[in-house]
1. Determine whether residue 42 is within 23 Å of residue 137 (Cα to Cα), at pLDDT below 90, charged (D, E, K, R) and assigned to a helix (DSSP H, G or I).
2. Residues to consider are 145, 113; find the one that is modelled with pLDDT of 80 or more, under 14 Å from the mean Cα position of the chain (by Cα) and closer than 25 Å to residue 23 by Cβ.
3. Looking at 62, 69, which one is at pLDDT below 50 and over 21 Å from residue 121 (Cα atoms)?
4. If residue 159 satisfies all but one of (1) more than 25 Å from residue 8 (Cα to Cα); (2) part of a loop (DSSP other than H, G, I, E, B), what's the number of the condition it fails?
5. Scanning the range 12-47 for residues that are surrounded by 16 or more Cβ atoms within 10 Å (Cβ to Cβ) and among the basic types (Lys, Arg), which turns out nearest to residue 116 (Cα to Cα)?
Amino acid sequence: MFNEHRDPVYRFLWRLTRDPHEAEDLTQETFVMFWRKQEQFRGEGSLQGYLRRIGYRLFLNSRSRLSASRPTLSLSQAPEASGPGDEAEVDRNESREFLVSRVLAALDSVPDRAREAFLLFRFEGLTVAQVAKVTEAPQKTVESRLKRAHELLSGKLRQYKDQFQSR
């Protein structure tokens, strides 16, 4: 069971925290919590969804304990040019890193609840109903949060539209 569900839970928590160490800790806490309270899982819905809800609650609890500043995702450095033709590759890598940094900065500007709903919906592939269940919010609230996140991200990233479309 652990081997089957560990990676999806970790990816979910990494997207929320963007810190591999914190995501790993929360993943472990999620499975410990599940192990302690496994009798409470009645089989309503998927086990993956249940684990996400546990992880999400642990994330919310840890966020209130941690400092307000969240570590940023470290981006790998572009490889140094070593010969003819490598300059174009370096330019593409630098451009990609720039766009990734802009997306991450834009995501940071989205209010927490809207960002969480957006990440669950867009990156985890959950439906609005599933996001509502994980976040324990009404579906209409989730829809509002998704709309708000989309509006904010669109506004922040509009100036990079041409660069995104060429990718």
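1. no
2. Just a single option satisfies the conditions, and that option is 113.
3. 69
4. Of (1) more than 25 Å from residue 8 (Cα to Cα); (2) part of a loop (DSSP other than H, G, I, E, B), only one is false for residue 159: (2).
5. By that ranking, first place goes to 15.
The values are calculated or read from the model by the stated rules, or taken from the named source; none is laboratory data. Please read all numbers here as calculations on a predicted model, not as lab measurements. Positions of Cβ are generated from backbone atoms using ideal geometry, with glycine treated the same way; all protein chains shown enter the neighbour counts.
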